[in-house]
Every structure is written in structure tokens, then in C-alpha cells.
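Enquirer: One structure is given below, represented as C-alpha cells, and several questions about it will come after.
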Amino acid sequence: MIDDARELYVKYEGREFSRIEREMRALGWERFRRERLYTRRHRYAVTPGWPERFGWRELLKGGEAAVATGRHEFERWLRSTFPDPRSRLAKPRRGGQAVARPRPVDR
């Protein structure tokens, strides 16, 4: 199972996990789930996905750049667009005074 998953992971350059899952099931691995490819963070530990656990990322062309997808891609964009977001959010508005929130209307 692990060898077949590795071949598909490399074939799709570390992307398209749903497609890898479909093809793995077509190969006869009915119990395969794409969650095995994800690294999971728990309150008490981190469970590495198969790519990290078995070193598949080193097999990809371009190294880590080829696997930066999803949330990591969004976080990279966010950091490049807003290099220091806290400095913008922490500044007081309207001449140094805090902005008052409107009160909810009772109905």
C-alpha cells in the first residue's frame, strides 16, 4: 500500500490528494484514506503524514516548493501581503480614541 501511494504522490507532485485516494481505491486498496497523507496536529502531539514520515518530499522535483499548497500557500500569501499585520491592527483610530461599537437594539 505504501509503495503504491508513494508512486502516486510523486506522479501528482505532492498534490491532488483526492485523486490519489481514488486511484488507490481503484488499485484495490479499499481502506486507503487521503488523511494518511496529511500531517495532523493534536493538542498533545503532531502525527506526521506519510510524506513526512517516509521522506517522500525529497523525491519531488523542486523540493518543498512543489508541495506548498492549500493553507500553507494562503499563509505565505498573507505574510507577503501583510508583513506585519499586528502593527496595522493595533493602531488606535479616530485621533487616538477607540472606536465605539454600536449597541444592539432590543426588539
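Enquirer: Which of the residues that make up segment 1-48 are buried (at least 17 other Cβ atoms within 10 Å of the Cβ) and either assigned to a loop (DSSP other than H, G, I, E, B) or in contact with a Gly (Cβ under 6 Å, 6 or more places away or on another chain) (or both)?
Expert: Gly14, Phe32, Leu37
Enquirer: Using the structure shown, decide if Glu7 is at pLDDT 90 or above and of a type in the set (Asp, Glu). Please lay out each step first, then the result.
Expert: On the way: at pLDDT 90 or above: yes; of a type in the set (Asp, Glu): yes.
Yes; evaluated as a whole, the condition is true for this residue.
The values are calculated or read from the model by the stated rules, or taken from the named source; none is laboratory data. Just so it is clear, the model here is predicted, and its values are computed rather than measured. A quick note on method: Cβ atoms are made from the backbone with ideal geometry, for glycine too, and the neighbour counts reach across all protein chains shown.
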